[in-house]
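Taking it in order: structure first as structure tokens, then the write-up.
The values are calculated or read from the model by the stated rules, or taken from the named source; none is laboratory data. This is a predicted model, so every value here is computed, not measured. Cβ sites come from the backbone with ideal geometry, for glycine too, and all protein chains shown count toward neighbours. Ligands, DNA and RNA are stripped out before the accessible areas are found, and what is left, the full protein with its side chains, is counted by its heavy atoms. Shrake-Rupley method; radii C 1.70, N 1.55, O 1.52, S 1.80 Å.
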Amino acid sequence: MNLLDFAIQTTNQYIDQIPKSQRKKYGQFFTSKETAIFMADLFDVPAGKTTLHILDPGAGSGILSIALLERLQGIPQLKSVHLVCYENDSKIIELLKTNLDWVCQNSTIQINYEIREDNYILSQILDYNGMIGANLSPLKYDMVVSNPPYMKMTKDSPEAKAMPDVCYGAPNLYFLFAAMGLFNLIHNGELVYIIPRSWTSGAYFKRFRQKFLSEGTLQHIHLFVSRDKVFDKESVLQETIIIKVRKSTQKPSKVAITTTQSNNDFSNITTFEAPYTTVISGEDCYVYLVTNEQEVKTLEQLNQWGDTLPSIGLRMKTGLTVDFRNKDVLRDVAEDSAVPLFYSQHIQAGKILFPIGKEHEYIATEQVGLLQPNANYLFVKRFTAKEEHRRLQCGVYLARKYPEYANISTQNKINFISGLQNLSECIVYGLYVLFNSTLYDCYYRILNGSTQVNSTEINSMPVPPLASIESMGKELIRAQDMTEECCDQILRGFIYEQSRGSKSNTERVASAS
């Protein structure tokens, strides 16, 4: 029996004995054999080194580090490995020790290991922050491999306070582990983690991305098509990716992006190399997970525009009313002083239909925070199903259709785009062209893998100038066709005319010179 098979066998026995609820308490989800092998193979073994230092924070039963040790068995020049495992779940320590003892006895290279039962983050607070009492020469590692715990923390948790430079609001342990893992590497050392995709975009992870991607470079990203087939024997719907990061400020020209259906079909893998500057872009360091040339072209087409919604005086906001917290002011039918409360169900085929006989369609309140002017808006659903054709689903709301109301309200499961002043109908229709197009839907899917439409991310997306949006809106009004196909045609026509104009300007400059 090889090293990894032994660890997998003992781990499966452990999983069968320990209730999932108990393992979830520690954010404990185990990596499959196939995934562990794939992650181990991502490492570049340093040429000429006879000894390697490896770190496995949150080691669990040791599957990942043992997969890496298995791979290192075939490296001729390698004589010894020093492995450090962090694990503070007392119930699995004995299993980890059993696995590592067996590995040491059956390895073809010398392996020394130590298990640190400390809190991985808190045990390094002095070193990480350069505080008095810090170790001036802490041990650094050639390789860091981990399936870190997925666990939300409060903003006042000790772990969050230990890493203030990467925390914004309530953090999750997984990205603290990733930042600390990079800190623990030697220069040009490599980190391979399996982590949720959520860190790649949004304001919540901005500080982490900026530090992580300034001190390290993304070398490889692996995507799983199926969200529910990443961890064996688990029901985990969080979209998960594998990343390889090198501790270096020298950026590569390309990033390798691979894709498989699940965690056990790595023989059926698609590979694509994307420009590094396309994958990581902007001052917020968003990570765009492109998988083919068409998606790269989508980014290039939209990124040629320098404006965003806020820069042209518009902004997407989240609906104002959390219905379950305001039950006392909700009404099922129209009554004096009640105004419409719009839900995602009112968005149908690009239009807003109201009323539709839904409960709580009206709200009777004088709370300023729950009311907004009856003005023109583009409504956008916040939540869609993973399997739906479109992530961006929107509808045009026109104030003149509800002249009896000075105010309206929006439930917080929809977003709306508004301006500093009332938007013209042409601008709202123009926004609909953008956000109902295939191009914008594709862009958003590349940017965000979740089923939630995040207003922060929408507000960061490139848009044409306001005059161009208005022109596209006029064209849509003339067409009287709210379909995706019509929006695509209008947007493509605008992009084509813009490219022709740019080409003509270039030719005029060239002829003049």
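Observations
- Positions within the stretch 386-414 being within 24 Å of Met482 (Cβ to Cβ), open to solvent by 30 Å² or more (accessible area, probe 1.4 Å) and part of a loop (DSSP other than H, G, I, E, B), in sequence order: Glu387, Glu388, His389, Gln393, Pro403, Tyr405, Lys413
- Condition broken by Gly449, with the remaining ones in (1) crowded, with 17+ Cβ neighbours inside 10 Å; (2) modelled with pLDDT under 95; (3) part of a helix (DSSP H, G or I) satisfied: (3)
- Subset tally (residues that are at pLDDT 95 or above, over 13 Å from the mean Cα position of the chain (by Cα), closer than 24 Å to Leu122 by Cβ and not aliphatic (A, V, I, L, M)) for the stretch 165-206: 7
- Of Val279, Val287, all but one fail to be modelled with pLDDT of 95 or more, closer than 18 Å to Ser201 by Cα and touching a helix residue (DSSP H, G or I) at 6+ places or on another chain (Cβ under 6 Å); the exception is Val287.
- Within the stretch 453-478, the residues that satisfy the criterion of being in a helix (DSSP H, G or I) and among the small types (Gly, Ala, Ser) are Ser455, Ala467, Ser468, Ser471, Gly473.
- For the stretch 287-312, the set of residues classified as hydroxyl-bearing (Ser, Thr, Tyr) and part of a loop (DSSP other than H, G, I, E, B) consists of Tyr288, Thr291, Thr308, listed by residue number.
- Test: residue in the stretch 280-290 that is open to solvent by 80 Å² or more (accessible area, probe 1.4 Å) and not polar (S, T, N, Q): yes
- Some residue of the stretch 310-320 being touching a residue at least 40 places away in the same chain (Cβ under 8 Å), farther than 20 Å from Asn412 by Cα and touching a strand residue (DSSP E or B) at 6+ places or on another chain (Cβ under 6 Å): yes
- Ser61 vs. criteria touching a residue at least 12 places away in the same chain (Cβ under 8 Å) and open to solvent by 20 Å² or more (accessible area, probe 1.4 Å): no
- Restricting the stretch 351-385 to residues that are touching a residue at least 60 places away in the same chain (Cβ under 8 Å) and under 20 Å from Ser455 (Cβ atoms), the residue that is surrounded by the fewest Cβ atoms within 10 Å (Cβ to Cβ) is Ala385.
- Within the stretch 38-76, no residue satisfies the criterion of being at pLDDT below 95 and assigned to a helix (DSSP H, G or I).
- Total residues in the stretch 214-226, condition in a helix (DSSP H, G or I) and either of a type in the set (D, E, K, R) or open to solvent by less than 10 Å² (accessible area, probe 1.4 Å) (or both): 1
- All of Asp265, Asp284 fail the test of being in a loop (DSSP other than H, G, I, E, B) and under 30 Å from Ser418 (Cα atoms), apart from Asp284.
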